Amino acid sequence: MVKICCIGAGYVGGPTMAIIAYKCPDIEVVVVDISVPRIAAWNSEQLPIYEPGLDDVVKQCRGKNLFFSTEVEKHVCEADIVFVSVNTPTKTRGLGAGKAADLTYWESAARMIADVSKSSKIVVEKSTVPVKTAEAIEKILTHNSKGIKFQILSNPEFLAEGTAIQDLLYPDRVLIGGRETPEGQEAIKALKDVYAHWVPEEQILTTNLWSAELSKLAANAFLAQRISSVNAMSALCEATGADVTQVAYAVGKDSRIGSKFLNASVGFGGSCFQKDILNLVYICECNGLPEVAEYWKQVIRINDYQKNRFVNRIVSSMFNTVSNKKIAILGFAFKKDTGDTRETPAIDVCKGLLGDNARLSIYDPQVTEDQMQRDLSMKKFDWDHPLHLQPMSPTTVKKVAVVWDAYEATKDAHGLCILTEWDEFKTLDYKRIYDNMQKPAYVFDGRNVVNGDELRKIGFIVYSIGKPLDAWLKDMPAVA
Ligand code: NAD
Ligand code: UDX
């Protein structure tokens with residue numbers, strides 16, 4: 001029986017390994033992590049991450065050929081294939097702070113693999129890493145290996161949160177990069193055999209190591225760039241009376257462009273896009289390509305602009321002040337169907353409103369109060385100017401209430417902001433909400449989920465990203 005061990009039981013390691021175990025009953029999969037509570041949660045009824053369909057898959061395989069453990073060294077030692085799926089955040093200090101990927105966790109995992117291994121292994125980069133990381137990892141492994149042979153492969157993960165199970169079951173492609181030596185090709189084949197249990201062969205792409213590593217950064221940069229492009233258009237739509245949904249539809253009908261990933265929004269969030277683009281920017285700078293670096297930086301600048309623009313629109317439309325006004329925040333996760341809040345635009349919008357002294361009442365079906373308070377108190381890393389901003393004062397934190405119901409959140413509020421596109425926000429009883437709000441009552445739809453015209457009939461003043469503006473909003477132009 002082939003044995004797989006995955007280091008890192010996070011949003012990628014957990015679901016990815018669960019699907020491998022589910023589709024490959026002849027393979028034993030152990031997911032290991034240094035975090036005791038995380039592993040305990042994977043072994044419990046309440047998994048550490050919310051992901052539609054994940055519970056079923058884990059329940060079917062756990063204890064049979066899928067295991068979660070904190071005995072990292074033991075399972076690494078026993079494995080034939082070791083996936084490394086640890087976090088690779090942006091460096092917050094030292095050389096490259098604010099841009100470069102922090103490979104501390106990766107390096108310590110690699111050193112540990114070298115230390116504990118007693119047999120040859122294939123080591124798979126699952127984490128998103130800078131191009132050429134495999135070379136550094138190879139050096140660590142071979143210099144510390146006591147003669148054991150390691151083959152390193154790059155197998156970046158393309159799943160998106162909220163749809164991870166579907167993405168893993170039916171991937172557009174699986175990408176495997178390896179050395180162009182006979183041993184490298186043999187390792188590629190071994191990993192290909194794992195995916196071939198359920199992925200059609202023509203969808204398993206094989207490349208050299210550097211192409212695989214760079215393709216992951218490139219894919220995320222292209223995806224984020226589409227969102228910044230449509231968000232840039234949304235500002236122009238508001239200025240001209242065009243409707244961004246109609247523009248995106250017309251543009252996306254061109255088969256060369258395609259219709260997906262063109263939803264204008266308050267801005268993209270998530271643990272990947274910003275981090276990976278900053279990483280790409282840093283690599284370009286290090287390779288003497290400042291123009292290319294500038295080009296990709298602009299994708300993040302537009303994203304920041306979009307979040308600021310949203311806050312400014314709220315404040316300006318409420319007579320230029322939200323001081324002590326209650327604002328309801330519907331949705332805090334970075335997208336629907338996840339409880340993940342990493343880099344969620346909600347953090348910036350809430351901080352912007354708190355900066356203007358608003359009182360916030362936040363509701364999200366999957367994010368805990370603790371998590372929101374932590375996010376809002378956290379130091380923010382300013383990517384363009386590596387400065388640590390001050391955390392919020394305890395008095396500011398007191399201005400945040402977290403509630404478990406959209407009606408409670410909006411009661412007596414002056415305005416409501418939709419920041420995550422949860423399906424339930426489409427079908428709320430907006431008449432009931434309107435009746436219980438202060439007047440004039442505002443809706444600021446950061447995800448274009450509600451029907452603005454229906455809400456206007458109820459009496460709301462409605463702002464929807466990139467849609468023609470109400471006369472009220474036109475009279476109070478927001479300064480970006
Ligand atoms: P995560 O923070 O959810 O999980 C990483 C886990 O690794 C943590 O539980 C941490 O405790 C563990 N870990 C760190 N160092 C360790 C060590 N030395 N030994 C054992 N465990 C260790 O991160 P994630 O979201 O799963 O992302 C992991 C990687 O995958 C990142 O490089 C990310 O860029 C990439 N990625 C993420 C997504 C996504 O949607 N989240 C998608 C594709 C790729
Ligand atoms: C992304 C990539 O899609 C995935 O391939 C990669 O493996 C990890 O990073 P993820 O961040 O989980 O996945 O979710 P994604 O669906 O890409 O959404 C990212 C952000 O963009 C969210 O905040 C989402 O709301 C926003 N978004 C997405 C838009 O604003 N408009 C869109 O049209 C699509």
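The values are calculated or read from the model by the stated rules, or taken from the named source; none is laboratory data. Predicted model, so just to flag it, every value in this text is computed and none were measured. Positions of Cβ are backbone-derived with ideal geometry, glycine not excepted, and every protein chain shown enters the neighbour counts. With ligands, DNA and RNA removed, areas are computed over all heavy atoms of the protein, side chains included. Shrake-Rupley method; radii C 1.70, N 1.55, O 1.52, S 1.80 Å.
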- Message: Go through (1) part of a strand (DSSP E or B); (2) within 16 Å of ligand 1 (Cβ to nearest atom) for Thr207 and report which single condition fails.
- Response: (2)
- What number of residues in the stretch 400-455 are among the small types (Gly, Ala, Ser) and under 17 Å from Thr344 (Cβ atoms)? 2
- Item | Residue list for the stretch 68-96, filter: open to solvent by less than 20 Å² (accessible area, probe 1.4 Å) and on the phi > 0 side of the Ramachandran plot | Gly96
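Among the candidates Ile418, Ile362, single out the residue that is modelled with pLDDT of 95 or more, out of contact with any Leu (no Cβ under 7 Å at 6 or more places or on another chain) and either under 30 Å from Thr163 (Cα atoms) or within 16 Å of ligand 2 (Cβ to nearest atom) (or both).
Values: Ile418 fails: out of contact with any Leu (no Cβ under 7 Å at 6 or more places or on another chain).
Only one candidate qualifies: Ile362.
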- Residue list for the stretch 403-445, filter: loosely packed, with under 14 Cβ neighbours inside 10 Å and in contact (Cβ under 8 Å) with a residue 60 or more places away in the chain: Asp412, Asp423, Gln438
- Query: Any residue in the stretch 221-234 that is in contact (Cβ under 8 Å) with a residue 12 or more places away in the chain, of a type in the set (Gly, Ala, Ser) and assigned to a loop (DSSP other than H, G, I, E, B)?
  - Reply: no
- Note on the structure: When the stretch 130-167 is checked residue by residue, the ones that are within 16 Å of ligand 2 (Cβ to nearest atom) and in contact with a Lys or Arg (Cβ under 9 Å, 6 or more places away or on another chain) are Ser154, Asn155, Pro156, Glu157, Phe158, Ala160, Glu161, Gly162
- Message: Pairs please, first residue from the stretch 152-171 and charged (D, E, K, R), second anywhere and surrounded by fewer than 18 Cβ atoms within 10 Å (Cβ to Cβ) and not in a helix (DSSP H, G or I), Cβ atoms under 7 Å, 6+ apart in sequence or on different chains.
- Response: Asp167/Phe158; Asp167/Ala160
- Task: Kindly indicate the residue of the stretch 259-273 that is in contact with a helix residue (DSSP H, G or I) (Cβ under 6 Å, 6 or more places away or on another chain) and not hydrophobic (A, V, I, L, M, F, W, C) and also nearest to ligand 1 (Cβ to nearest atom) among those meeting that condition.
- Result: Gly269
- Task: Among the residues of the stretch 150-174, count how many are hydrophobic (A, V, I, L, M, F, W, C) and surrounded by fewer than 24 Cβ atoms within 10 Å (Cβ to Cβ).
- Result: 7
- Item | Top-ranked residue of the stretch 100-129 - restricted to ones that are within 16 Å of ligand 2 (Cβ to nearest atom) and part of a loop (DSSP other than H, G, I, E, B), ranked as nearest to Ile20 (Cα to Cα) | Lys126
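Condition test on Ile302, is it within 24 Å of Val349 (Cβ to Cβ) and away from ligand 2 (no atom under 16 Å from the Cβ)?
When the stated conditions are applied, Ile302 does not pass them.
Val311 - would you say it is closer than 14 Å to Leu419 by Cβ, more than 16 Å from ligand 1 (Cβ to nearest atom), open to solvent by 10 Å² or more (accessible area, probe 1.4 Å) and of a type in the set (A, V, I, L, M, F, W, C)?
Details: closer than 14 Å to Leu419 by Cβ: yes; more than 16 Å from ligand 1 (Cβ to nearest atom): yes; open to solvent by 10 Å² or more (accessible area, probe 1.4 Å): yes; of a type in the set (A, V, I, L, M, F, W, C): yes.
It is true that Val311 is closer than 14 Å to Leu419 by Cβ, more than 16 Å from ligand 1 (Cβ to nearest atom), open to solvent by 10 Å² or more (accessible area, probe 1.4 Å) and of a type in the set (A, V, I, L, M, F, W, C).
Using the structure shown, decide if Arg301 is basic (Lys, Arg) and buried (at least 16 other Cβ atoms within 10 Å of the Cβ).
no
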- Message: For the condition open to solvent by less than 50 Å² (accessible area, probe 1.4 Å), among the charged types (D, E, K, R) and within 13 Å of ligand 1 (Cβ to nearest atom), what is the one hit in Lys121, Lys126, Lys99?
- Response: Lys126
